[in-house]
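Here's a structure for you.
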Amino acid sequence: MSITATEILSQPQTWRTALERVEHARELLAAPGERILVIGCGTSAFVAESLAFLREDAGLGETDAAYASEPHGRRAYDRVVALSRSGTTTEVIDALRALPAGTRTIAVTGVADSPVAELADDVLLLDFADEASVVQTRFPTTFLMLVRAAFGEDVSGVVEQAERVLEAPLDLPAPLGALDHFVYLGTGWTYGLAQEAALKIREAAQAWSESYPLLDYRHGPLAVAHEGSLVWMLGAADEKLAEQIRATGAVVTLGTLDPIVELVQAQRLAVELAASRGLDPDTPRHLTRSIILT
């Protein structure tokens with residue numbers, strides 16, 4: 001079994017461990033009434049988008065998400081949350097250094113003595129969810145489970161749901177060999193998950209994958225749907241849209257599980273697809289565990 005597959009299976013346990021740290025996460029991330037910016041790169045940027053939506057939806061205050069590599073200083077923020085599993089991502093480090101003096105900074109990382117952690121005022125350390133793999137799986141889901149609980153959502157049943165799902169073989173609506181195009185759709189905070197799911201397919205399996213806000217899919221991207229397409233609605237089910245997609249010959253999967261569990265299934269699909277293509281998900285082409293620029 002690959003390292004990536006092993007880490008995917010470990011997620012229910014890391015979620016349980018994370019949920020023991022809800023109060024600390026609430027103190028650092030909820031901050032009712034404050035304006036917060038969340039930054040990251042790659043997977044962390046998608047997680048930032050989900051966090052921003054969840055925090056505003058919980059009525060805690062204005063929350064923006066941005067890629068650490070893009071300008072994000074157009075507004076003043078009470079605190080900035082920087083996401084970096086390794087704590088060594090160059091763009092995140094540069095973004096923290098460029099913030100106005102006096103801005104409170106929070107690092108979310110898996111490595112305590114990393115540059116990102118050292119630059120931040122406070123650290124939400126998730127070292128128990130850190131990964132040996134290049135492709136992120138349990139670190140982002142663990143953080144989002146903790147965020148949801150910190151913002152007042154009852155996620156206790158999600159852990160048990162994931163355990164049940166992971167005990168069973170991955171059930172796909174079509175044979176992997178018949179699929180050459182993978183699309184993930186989300187709405188609200190699950191759009192970030194859709195982007196992350198599509199990224200797993202590209203990273204692990206070098207396959208054609210896309211992601212869009214749920215109802216925007218019919219505004220152009222539908223044109224390339226075909227019999228080899230799998231279109232997966234994460235945490236959502238729009239039957240009218242599904243009918244339009246099925247008319248192209250594509251296979252449609254409607255979200256019936258908790259969105260985080262749906263993402264776990266997408267991770268499993270990426271690993272199985274990699275294996276079917278003779279690829280090792282632990283060594284994705286051209287990628288490293290952390291992007292460190294000179």
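State whether the range 151-294 is rounded, prolate or oblate according to the following rule on the C-alpha gyration tensor (a ≥ b ≥ c being the square roots of its eigenvalues): a/c under 1.5 gives rounded; otherwise a/b larger than b/c gives prolate, and the remaining case gives oblate.
Since a/c stays below 1.5, the shape of the range 151-294 is classed as rounded.
Which residue fluctuates most in the GNM of the chain (Cα springs below 10 Å): Ala31, Ala236, Ala162?
Ala31
How much of the accessible area of the range 7-131, in percent, comes from carbon and sulfur atoms when a 1.4 Å probe is used?
49 percent
Want the number for Thr6 to Asp171: 0.36 nm per residue separation, take away the alpha-carbon distance, what's left?
So the extension gain works out to 57.6 nm.
Give me the percent of Cα-Cα pairs in the chain that sit more than 23 Å apart, rounded to a whole number.
Pairs farther apart than 23 Å: 53 percent.
Sticking with this structure for a sec: Between Ala101 and Thr17, 0.36 nm times their residue separation minus their Cα-Cα distance comes to what?
26.8 nm
While we're on this one: Can you compute the helix-only [θ] at 222 nm over the chain? Use -39500 (n - 2.57) per DSSP H run of at least 4 residues, normalise by all residues, nearest 500 deg cm²/dmol.
About -12000 deg cm²/dmol.
I would also like to ask the following. Can you give the accessible area per residue of the chain, in Å², using a 1.4 Å probe?
41 Å²
Classify the range 153-200 as rounded, prolate or oblate from the Cα gyration tensor: take a ≥ b ≥ c as the square roots of its eigenvalues, call it rounded if a/c is under 1.5, otherwise prolate when a/b beats b/c and oblate if not.
It is oblate, given that a/c is not under 1.5 and a/b is not larger than b/c.
Continuing with this model, one more query. So, in Å, what gap is there between the alpha-carbon centers of the range 40-87 and the range 203-228?
Between the Cα centres of the range 40-87 and the range 203-228 lies a distance of 25 Å.
Which order do peptides 16-23, 36-43 fall in by mean Cβ count within 10 Å, highest first?
My ranking of the peptides, most packed first, is 36-43, 16-23.
Any idea what diffusion coefficient the range 1-139 gets from Stokes-Einstein, in µm²/s, Kirkwood Rh on alpha carbon pairs, 37 °C, 0.692 mPa s?
Diffusion coefficient, whole number: 215 µm²/s.
Using a Gaussian network model on the chain with a 10 Å cutoff between Cα atoms, which of Ser133, Ser156, Ser44 fluctuates the most?
Of the options given, Ser156 has the highest mean-square fluctuation.
The values are calculated or read from the model by the stated rules, or taken from the named source; none is laboratory data. Predicted model, so just to flag it, every value in this text is computed and none were measured. With ideal geometry, Cβ positions are generated from the backbone for all residues, glycine too; neighbour counts draw on all protein chains shown. Heads up: the accessible areas ignore ligands, DNA and RNA and are worked out on the full protein's heavy atoms, side chains in. Shrake-Rupley method; radii C 1.70, N 1.55, O 1.52, S 1.80 Å.
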